[in-house]
Amino acid sequence: MTTEHRLRKFIEYIKSCSANGGFLASPTYKPYQKVWLRDHSFVTLSLIEYGVNVDKEICWLTTLLKLESEKVRIIIEKDKGSPDFLNQELHPRARYSPDFKKYNDPWSERQYDGIALAYATVLKYENMKNERILGEELKLLYDNYFFKVFDTPCADLWEMHEEYIHAYTLGAIYYALNIRKEQVKHNFLLNVKYSNFLETLHSEIFKFEKNGVCLKMKKTLRDEPFGLDASCLLLFTLFDVIKDIDFLETTLKKIYDELSPDGIGLRRFIINSEKDTYFGGGVWFILNFWAAEAFMKLKNKKRAQELLQYRFRFPLPEQIIDDHLIFSKEGKKFWIEKSKLENDGIPGPAEPLTWSNSEFLRVSNHIIL
């Protein structure tokens, strides 16, 4: 199979996962038959890179942004010290049905990266098309939302640790507002405002550094960072916040030292004594692809290609849970039994996962296989 044919297969498969314009996190795994803002945005961004028509998917996002605008307006006007400021019911949610219904799942719904990436995706599409889809008033509303909440805690991209501020989340907000800054560059006052805010974010993200490594999270921005999370690699690549190659090299080495069971695949995180136990804490395909992107940044193309080919199959699942690749056999057993109850007796993890396939596609665009 030629590289071109392989990539075309991925594009066709990913497009088949769109329902009403919203990408299902997994079309076959029942707990994931929902549209996560984060996943949908990553998937749409990957297709944009290949010039694939994503008009329906952008329409889905713009509809969502309009539907949630009143919530955003209320939060902007609310005092940060208010006891219900962090109530997830008052913020845009992390996941929706394809027709915008809300779920009452046990996982945290307040995840700023999801709404930031949704916003960023529409802005990027606007710039690419040289069109303006969102009204300026709506954009200013979301801008002010991010100005307001960036220094407050929320759940990470794994839908955990909601009492903390995460470097990755700040990076997602930076990514969105950096695209937005390009749109206001001819307005002197707005350009200064966005430049100053981005500089503040940039400075705060650098404060997650310790011993040359970008760490995962803080209780408040004034506190010391701790924990290690492979998602921090996006700060050096897609989000383009940190351009220091030595910083990337040291962070990447530490991530492989702590999170790789075999020197190739990557687990999600480790935080002091807390290890990932979701399906045992296996190796995730998206993390291999993010690492491949990071190695390309270091001009190590051979290593990047190796990571893209690791345990390759089509379509790609969420993670690999072979016993020698996981953190916790007890965690694996618990989640397999739980997933059977939720998925008509068929055990998880999700196979396929739309996000895995889209990130293979996106990162492949930067690496000749």
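The values are calculated or read from the model by the stated rules, or taken from the named source; none is laboratory data. Remember, predicted model here, so these are calculated numbers, not experimental data. Cβ atoms come from the backbone with ideal geometry, glycine included; neighbour counts cover every protein chain shown.
Worth a mention:
- Pair list, Cβ under 8 Å, 6 or more apart: region 25-54 residue closer than 15 Å to residue 129 by Cβ and touching a residue at least 60 places away in the same chain (Cβ under 8 Å), other residue part of a helix (DSSP H, G or I) and of a type in the set (D, E, K, R): 44/57; 45/124; 45/362; 47/15; 47/57; 48/124; 49/362
- Qualifying residue in region 110-130 (condition: assigned to a loop (DSSP other than H, G, I, E, B) and within 24 Å of residue 26 (Cβ to Cβ)): yes
- Selection of region 154-195 for residues being surrounded by fewer than 21 Cβ atoms within 10 Å (Cβ to Cβ), under 16 Å from the mean Cα position of the chain (by Cα) and of a type in the set (Phe, Trp, Tyr) yields only 158.
- The residues on offer are 243, 193, 254, 181, and the sole one that is within 30 Å of residue 319 (Cα to Cα), of a type in the set (Lys, Arg) and not in a loop (DSSP other than H, G, I, E, B) is 254.
- In summary, helices (runs of 4 or more DSSP H) completely within region 4-100 and bearing 2 or more residues that are of a type in the set (Lys, Arg) and either at pLDDT below 95 or under 25 Å from residue 151 (Cβ atoms) (or both) occur at 69-77.
- Residue check for residue 139: in a helix (DSSP H, G or I) and in contact (Cβ under 8 Å) with a residue 60 or more places away in the chain: no
- Candidate set from region 196-236 (those that are aliphatic (A, V, I, L, M) and part of a loop (DSSP other than H, G, I, E, B)); member that is nearest to residue 258 (Cα to Cα): 215
- Residue count for region 143-178, restricted to those that are touching a Pro at 6+ places or on another chain (Cβ under 9 Å) and either assigned to a loop (DSSP other than H, G, I, E, B) or under 19 Å from residue 191 (Cβ atoms) (or both): 4
- Residue 279 passes every criterion in (1) part of a loop (DSSP other than H, G, I, E, B); (2) over 18 Å from the mean Cα position of the chain (by Cα) apart from (1).
- Taking the conditions (1) closer than 25 Å to residue 153 by Cα; (2) in contact (Cβ under 8 Å) with a residue 12 or more places away in the chain; (3) not acidic (Asp, Glu) in turn, residue 222 satisfies each one other than (2).
- Selected residue (only one of 61, 37, 7 is surrounded by 16 or more Cβ atoms within 10 Å (Cβ to Cβ) and either within 18 Å of residue 289 (Cα to Cα) or touching a Pro at 6+ places or on another chain (Cβ under 7 Å) (or both)): 7
- Among the residues of region 219-262, the one identified as in contact with a Cys (Cβ under 7 Å, 6 or more places away or on another chain) and of a type in the set (Ser, Thr, Tyr) is 251.
- Search result, residues across region 293-313 that are over 12 Å from residue 230 (Cα atoms), surrounded by 17 or more Cβ atoms within 10 Å (Cβ to Cβ) and either of a type in the set (A, V, I, L, M) or touching a strand residue (DSSP E or B) at 6+ places or on another chain (Cβ under 6 Å) (or both): 296, 304, 307, 308
- Long-range neighbours under 9 Å by Cβ, at least six apart or interchain, first residue exposed (fewer than 10 other Cβ atoms within 10 Å of the Cβ) within region 77-98, second aromatic (Phe, Trp, Tyr): 79/85
- Beta carbons closer than 6 Å, at least 6 apart along the sequence or on distinct chains, never pair a first residue in region 298-322 that is closer than 13 Å to residue 283 by Cα and among the hydroxyl-bearing types (Ser, Thr, Tyr) with a second that is modelled with pLDDT under 95 and assigned to a loop (DSSP other than H, G, I, E, B).
- Residues in region 314-369 that are part of a helix (DSSP H, G or I), of a type in the set (A, V, I, L, M) and more than 19 Å from the chain's Cα centre (by Cα) were compared, and the one that is nearest to residue 258 (Cα to Cα) is 325.
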